[in-house]
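These notes concern the structure reproduced below.
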Amino acid sequence: MCVLDQYYLRPATRQQVSEPFPVSFSAITIQQDATAQRGPFACDPQNRFTNNLPFCRVSLPIPDRVRDLIGRLTLHEKIGLLVNNAAPVPRLGIPRYEWWSEALHGVSNVGPGTRFGGHFLGATMFPQVITTASSFNASLWEQIGRVVSDEARAMYNWGDAGLTFWSPNVNIFRDPRWGRGQETPGEDPVVAGKYAASYVRGLQGYDGDQLKVAACCKHYTAYDLDNWNGVDRFHFNAKVSKQDLEDTFDVPFRACVLEGKVASVMCSYNQVNGIPTCADPNLLRNTIRGDWKLNGYIVSDCDSVGVFYDNQHYTATPEEAAADAIKAGLDLDCGPFLAVHTEGAIQRRLLSEVDVNNALVNTLTVQMRLGMFDGEPSRQRYGHLGISDVCAAANNQLALEAARQGIVLLKNLGPSLPLSTVRHRTVAVIGPNSDVTVTMIGNYAGVACGYTTPVQGIARYVRTIHEAGCRDVACTDNRLFGAAENAARQADATILVMGLDQSIEAEFRDRVGLLLPGHQQELISRVAMASRGPTILVLMSGGPIDISFAKNHPRIAGIIWAGYPGQNGGTAIADVLFGQTNPGGKLPMTWYPQSYLAKVPMTIMGMRADPARGYPGRTYRFYKGPVVYPFGHGMSYTTFTHTIAHAPTIVAVQLDGRRAGNSTSTSAVRVTHAKCDTLSIGVHVDVKNTGTKDGSHTLLVFSHPPAGHWGEHKQLVAFEKVHVPARSQQRVEIGIHVCKSLSVVDKNGIRRIPMGEHSLHVGDVRHSFSLHAAPLAEIKT
């Protein structure tokens, strides 16, 4: 059986090991070195020329230190600091700094700011974000952020990483074909916003205005097309209504800034309504910095400024492009464009040196909040983090737990799952994803500490017969099918591990369809017919797959979606298959049928259905057509029931008499005219486990607005993860903020609270309550 503190891993390093074996993570993935190389920092106390300068005095307020430093820089030196590979200023003791590092679900080497292979051969690779989002567990998301930032700081302390990490990706998974949907928390803006705030808090820490690392929410905004049908992200103009921008695309970014207090936001490649996002003052200066009060810097996606000049031809000259970006509110350019063309823009009087100073205020402030101008990193708060904190056993355990919580049980006939080590002593493990390693960590990953593949995980429980079935996920022929069928005939049960990988869905690689690639469906069907025992289908993917054939196939007893489950994916899959873990994940995106695609070009951004032109709408909030599996679907090995124990029936919306004026009507109240600070309702839900197994349950609370408004078909307003032992009950208290959660957005992009009857849905239970405008707050139960 499974022993939780021992892991059988395929090593991810250059060390030669012939068989899976019990390992110490710190031993396998880290090269010991007696001398640490320090991360880049300024104000070395040993530098007698700078140690007494005001910008080096930690006793002074950061704004004063930043002002002093900028006043000492020449224009040439300032321009060198506007790009990701910021130039050194040797006369002031400031080293070169690389801003671009990534930490989407573990410290990554995608950006040039992070290096593996020296002191650190790997880092903990958690499940891909779409998988972790399936847990619907905000505390888990924050805990992962804390571990990732521990490892990031440790690598910085040894000179192998920076402190500015351009993660997370909180774009909405609007279209099921998007190759980068795997990087996101899914299609729901509330979930994406909660994920953004939770992960960012974990990354950045809780030390007041000081930062552990600086996170970055990207890609702002309405970015969810990479390369589809001849249209790519470098040329795409996303035509977005004010309504969709306010109630869908901007929601996660607003939460990231206002609730997560993120230190950076990245603007995207695409245009929005004809203006490049990185040159749009309404988006950058007015919204991010003005309305949301970003305490941090705004960075371009890499080469975005060059893209809107060279590819989109938005400006006539490169100097105009540089000026437009900086004046719009861009502070840092990922790429060389601003370093090359900013001085020319100043010479042509398109830009002033004051504009450059304003940008540097934001970037230098973040660096000082990180302690990069406080001298030797080892003497700072996080200076104790080092080699032993990367790939630590506790971090590996959390990666395993995250994978377990993210796995979703889609189908369970009989039930046939969990499998029994007594009845199913020999199991055929078949499929192109049955023995994969890097596939399990998805994209924007780094080098994993080690791996447990699916077949290795299953082999810890039972004897296995392993056949690939297909050489890879493309599955271009059926030459290996016979061996796979023979294996299934010999086994007591058959597990097919199929799905996708980065050759099918990735950055700049949107999918053309939703069906399994190549001959995978044929392999699944043939093996299912040949199998002597139950056939279980395990899918790895970031995006949804139309597996209607398997859902309806009587010989396929169970289906599990594992997403991309991270370095311990094989262990987590096996633990679910054999009942060591009771699955509790829920789908964070709708699984559509293939026929859906013919009605929704990726280039049409509209969220809402338009029956007049046959447009069905997008996501569970607006689409009412047939699905393979709905948003929020996920089964358990036990059963749960819900009872609403307490909830109001009438809620009074107190108005701000100074501002309401004539904009208040009996049908809706503008959110800005309501006293929102204390306007929330409490709902108490009793969750009962009526089965015989302990289980974790995801409580999803949906709201339906009154009919006749501009709102969604339904909207998730709250979610909670609760563990309930068998035959017992837990009460969950949920707070619902009226202005934030029960408001809808009109066609002008104005958020309003509909008066009248609203309803809350929790599973099969419905509760109705009425909102009414009142001069004084009043709640009756």
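Could you tell me what percent of the DSSP beta bridges with both partners in the chain are antiparallel, to the nearest 5? List each step's numbers first, then the result.
Values: 64 of 103 bridges.
About 60 percent, rounded to the nearest 5.
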>> Once you place label points 7 Å from the Cα toward the Cβ at Ser352 and Thr692, how far apart are they in nm?
In response: 7.8 nm
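Roughly how big is the chain's charge dipole about its Cα centre, with Cβ charges of +1 (Lys, Arg) and -1 (Asp, Glu), in debye to the nearest 20?
In total the dipole reaches around 1400 debye.
Restricting everything to alpha-carbon atoms, can you work out Rg to Rh for the range 405-613 with a Kirkwood hydrodynamic radius? Display every interim value, and only then the final one.
Numbers: Rg = 17.1 Å, Rh = 17.5 Å.
Value, to two decimals: 0.98.
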> Straight-line reach from Lys714: which lysines have Cα under 23 Å away, leaving out those fewer than 8 places along the same chain?
Replying inline: Lys194, Lys242, Lys586, Lys599, Lys624, Lys740, Lys747
>> What does the charge count around Tyr444 come to, taking other residues whose C-beta lies under 12 Å from its C-beta (Lys +1, Arg +1, Asp -1, Glu -1)?
In response: -1
> Can you give me the Cα centroid spacing of the range 113-151 and the range 255-320 in angstrom?
Replying inline: 27 Å
>> Ignoring everything except DSSP H segments at least 4 long, calculate the 222 nm mean residue ellipticity for the chain; use -39,500 (n - 2.57) per segment, divide by total residues, nearest 500.
In response: -6500 deg cm²/dmol
> With Cβ to Cβ distances under 11 Å as the rule, what net charge do the other residues near Gly431 carry (K, R +1; D, E -1)?
Replying inline: -3
> Net charge near Val685, counting Lys/Arg +1 and Asp/Glu -1 over other residues with Cβ under 12 Å of its Cβ?
Replying inline: -1
> Got a sec? Charge dipole of the range 60-389, +1 on Cβ for Lys and Arg, -1 for Asp and Glu; which of Gly371, Gly118, Leu75 is way out at the positive end?
Replying inline: Gly371
> Considering the alpha-carbon set of the range 60-389 alone, what are its Rg and its Dmax in angstrom?
Replying inline: 18.9, 55
> P(r) tail for the chain, what percent of Cα pairs lie past 53 Å?
Replying inline: 12 percent
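Figure the gain on full extension for Val512 and Glu733 (residue separation times 0.36 nm, minus the Cα-Cα span) and round it to one decimal in nm.
Working: separation 221, 0.36 × 221 = 79.56 nm, distance 4.33 nm.
That works out to 75.2 nm of additional length.
Only loop residues by DSSP count here, and only those with at most 11 other Cβ atoms within 10 Å; note down the trypsin sites (Lys or Arg not before Pro) in the range 307-416 that meet that.
Details: sites: Lys327, Arg348, Arg349, Arg369, Arg379, Arg381, Arg404, Lys411; in loops: Arg348, Arg349, Arg381.
Sites meeting the loop and neighbour criteria: Arg349.
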> Of Ser768, Val722, Cys739, which is farthest along the charge dipole of the range 640-774 in the positive direction, counting Lys and Arg as +1 and Asp and Glu as -1 at C-beta?
Replying inline: Cys739
> Using the alpha-carbon centroid of each, what span in Å lies between the range 684-714 and the range 518-537?
Replying inline: 35 Å
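Return one whole number: the accessible area per residue of the range 60-389 in Å², for a 1.4 Å probe.
Ligands and nucleic acids excluded, the figure is 29 Å² per residue.
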>> Give me the percent of accessible area attributable to carbon and sulfur for the chain, probe 1.4 angstrom.
In response: 49 percent
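Can you tell me the accessible area per residue over the range 586-710, all protein chains present, probe 1.4 angstrom, in square angstrom? All intermediate terms of the calculation are to be shown ahead of the outcome.
Details: 5270 Å² over 125 residues.
Per-residue value: 42 Å².
Only bridges whose two residues both fall in the range 60-389 count here: according to DSSP, what percent of them are antiparallel, nearest 5? Present the calculation step by step, with values, prior to reporting the outcome.
Values: 8 of 21 bridges.
Here the antiparallel bridges make up roughly 40 percent for the range 60-389.
Using r as the Cβ-Cβ distance of Thr641 and Gln594, and R0 as 30 Å, what FRET efficiency do you calculate, to the nearest 0.05? Show your work: numbers first, answer last.
Numbers: r = 35 Å, r/R0 = 1.17.
Efficiency at R0 = 30 Å is approximately 0.30.
The values are calculated or read from the model by the stated rules, or taken from the named source; none is laboratory data. These numbers come from a predicted model, not from an experiment. Reconstructed Cβ throughout: ideal geometry from the backbone, glycine too, with neighbour counts over all protein chains shown. Heavy atoms of the whole protein, side chains included, go into the accessibility calculation; ligands, DNA and RNA do not. Shrake-Rupley method; radii C 1.70, N 1.55, O 1.52, S 1.80 Å.
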